[in-house]
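These notes concern the structure reproduced below.
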């Protein structure tokens, strides 16, 4: 049976993208195949991980790593799945654990919308392995201006074509260094691969020397994307404003 190392589990409010405000169970996996300059999430495996026992109270209990799909599903079931919009698989990069997730999904049914995958959009073959079990996909496009790593345009395009089989939206983390050409190229890619999808511009939360864009920059970048797509929204990280996990 596959095992996985988990970073944390908690029940809270989705703070990013078009599903802002929806109640979700968050399963944060360790490990990532990308190293974004703005990332503030530890990705190295730990011997244990915290689980918030009562949502919002910070009454954490400690769970040993690694876990099996069965043991993880029992933890999730303690949050009353029927009260939640979906279960968010996030990271790190959850698709590094595709075999684990394949076995986990049937064990955590009961939410309104099922499984919500948050991914960096760089592992198309792993997505293909799981696409029929997923309901919603939040895909990042990793812009060089924010991540300091070359944008994997071909991988992103291939990934998005597969993701378009389900409800998918695309997220761009934008900084004060984001270039207009990057946003234009991203919008064209979304238009070709998944034209009905929303494109979310998310101003970065300033960290590690990566600074948030000005209001003028944000509005200009949105205008550029709107030349290609009709559904382009600016949504910051609202959970940080609320002090939520």
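Any read-out appearing in this document is the output of simple, stated calculations on the displayed coordinates, not a laboratory observation. Values in this document were obtained by computation on a predicted structure and should not be read as measured data. Virtual Cβ from ideal backbone geometry, glycine too; neighbours counted across all protein chains shown.
The table below lists the values:
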{"quantity": "Two-site label geometry, residue 113 and residue 188: point separation in nm, points 7 Å out along Cα→Cβ", "calculated": "3.0 nm"}
{"quantity": "Computed helical MRE - 222 nm, the chain, DSSP H runs ≥ 4 contributing -39500 (n - 2.57), nearest 500", "calculated": "-8000 deg cm²/dmol"}
{"quantity": "Degrees separating the helix 180-193 axis from the principal Cα axis of the chain, which is the longest one", "calculated": "60 degrees"}
{"quantity": "Between 0 and 90°, nearest 10: helix 215-226 axis offset from the chain longest Cα axis", "calculated": "90 degrees"}
{"quantity": "Rg to Rh, two decimals, where segment 1-98 supplies the alpha carbon set and Rh follows Kirkwood", "calculated": "0.95"}
{"quantity": "Residue 131 paired with residue 20, simple spin-label distance in nm, labels 7 Å along Cα-to-beta-carbon", "calculated": "3.0 nm"}
{"quantity": "Pairwise label distance in nanometres, residue 98 with residue 57, each label 7 Å out on the Cα-Cβ vector", "calculated": "4.0 nm"}
{"quantity": "Degrees between helix 153-163 axis and first principal axis of the chain (Cα, 0 to 90, nearest 10)", "calculated": "60 degrees"}
{"quantity": "Estimated FRET transfer efficiency when R0 is 30 angstrom, pair residue 223-residue 165 (beta carbons, to 0.05)", "calculated": "0.50"}
{"quantity": "Over the chain - Rg/Rh using Cα atoms and the Kirkwood inverse-distance radius", "calculated": "0.95"}
{"quantity": "Extension reserve of the residue 46-residue 148 stretch, reckoned as 0.36 nm per residue once the Cα distance is removed", "calculated": "34.1 nm"}
